[in-house]
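Inspection log for the structure reproduced underneath, given as structure tokens.
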Amino acid sequence: MASIDGLPPLREVIRAHDLVAKKQLGQNFLLDLNLTARIARSAGDLTGADVLEVGPGPGGLTRGLLAEGARHVVVVEKDPRALPALDEIAAHYPGRLTVLMGDALALDVAAHLTPPVKVVANLPYNVGTELLIRWLSPPAWPPFWQSLTLMFQKEVAERIVARPGDDAYGRLALLAQWRAEPRIVMTLPPEAFTPAPKVHSAVVHLTRLEAPRYPADGAVLSRITAMAFNQRRKMLRSSLKGLGPDIEQKLLAAGIPPTARAEEIGLAQFCALARSLA
Ligand code: SAM
């Protein structure tokens, strides 16, 4: 396969460093460097930006990001077996790649990044949703990142971009769309990965909004959407009754019929309800 950077093909890298994929680390590698360069391009212009990549593995996407001109790439990888391969990439791009070994859920990477920051990652499926929720729910807004370009299982990607009435509509859509603009920019079949997962995947690009789309307290919004979608087919006056005896009045004050169901209610109305309860 044609190389984008003069470094060895990824199959050779994997063989040389004995990087047999481990299921428990969510390892499904992208070995086509033209594809990883395409994913890097879907994050927009990288030339003046720092990029955070979680889970570089043998470095296919990392190489795409560097070849596409990212100013500086910071990678966080849990599997120490990947370190020699990543060190080779760092040597090929002097001063442009910082390799941090550890768990992305535990490490604080902000100190290594200079704005503007773009996050680009083919995430391990077992931690992908948790990382997304963390990136969408920092204590202060705007967050450290300007955009997130992330690979998910297609079913999760659909939950992020879903609209009221869609089967996939729920808390993740509301959380993502309240303070960001998410869209699916690419879908990939299982065969794009080695080993091939059971499901299709999709890349979601989220651009942050400078301020929330509608005013609301994040903690209240999070609580009411959790309660409402926990029993998504129940009427809201019943699924939200734990919020107080006057929940019907609060719903009406927010312009929501108390007999409506969570799956029919849009972001503007959930934010109005959060305000009337705050
Ligand atoms: N970016 C590579 C690619 O596209 O071929 C590998 C993607 S693979 C789906 C996920 C990667 O995340 C693996 O390299 C795995 O070791 C790493 N990983 C899994 N859990 C992690 C965690 N908690 N923190 C950091 N990296 C993790």
Counting only helices (runs of 4 or more DSSP H) entirely within segment 212-266, those with at least 1 residues that are under 20 Å from LEU175 (Cα atoms), open to solvent by less than 60 Å² (accessible area, probe 1.4 Å) and modelled with pLDDT under 95 are 218-230
Against the condition open to solvent by less than 10 Å² (accessible area, probe 1.4 Å) and touching a residue at least 60 places away in the same chain (Cβ under 8 Å), how does ALA85 come out, does it pass? yes
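The values are calculated or read from the model by the stated rules, or taken from the named source; none is laboratory data. The shown structure was predicted, so the numbers you read here are calculated from the model rather than taken from an experiment. Neighbour counts run over all protein chains shown; Cβ positions are idealised from the backbone, glycine included. Areas reflect the complete protein model, heavy atoms only, side chains present, ligands, DNA and RNA absent. Shrake-Rupley method; radii C 1.70, N 1.55, O 1.52, S 1.80 Å.
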